[in-house]
Amino acid sequence: MTETGADPAGTPSGDDAEEEVDGVATAEGIADEIRDEIRLGHVEDDVSHVLEERFDEAGISLRPEAVDDLAEEIEKDAST
């Protein structure tokens, strides 16, 4: 007998993959928004902190190191 939403091998159904793709698109969108806000001078706080807050609001969970790395990348992109 198998669980609903899983194939006989126990692999999750396609819904999980769809959520992951949506999460990546959302994370990229958030990063783009912050990048634009930095360019406009609207972000005065630590970018890592702003990014973490936005991810929390969107229900996206990343390791603190990943948030810091992404924040550095956003800052570099915004300054060019």
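The values are calculated or read from the model by the stated rules, or taken from the named source; none is laboratory data. These figures come from a predicted structure and were not determined experimentally. FYI the Cβ positions are ideal-geometry reconstructions off the backbone, even for glycines, and counts take in every protein chain you see.
Of the helices (runs of 4 or more DSSP H) lying entirely inside the chain, not one carries at least 3 residues that are at pLDDT 85 or above, surrounded by fewer than 12 Cβ atoms within 10 Å (Cβ to Cβ) and aliphatic (A, V, I, L, M).
Of 51, 70, all but one fail to be touching a residue at least 24 places away in the same chain (Cβ under 8 Å) and closer than 12 Å to residue 27 by Cβ; the exception is 70. Residue pairs whose Cβ atoms lie under 9 Å apart, sitting 6 or more positions apart in sequence or on different chains, and linking a residue in region 23-48 that is within 14 Å of residue 71 (Cα to Cα) to a partner that is assigned to a loop (DSSP other than H, G, I, E, B) and not hydrophobic (A, V, I, L, M, F, W, C), are 36/42.
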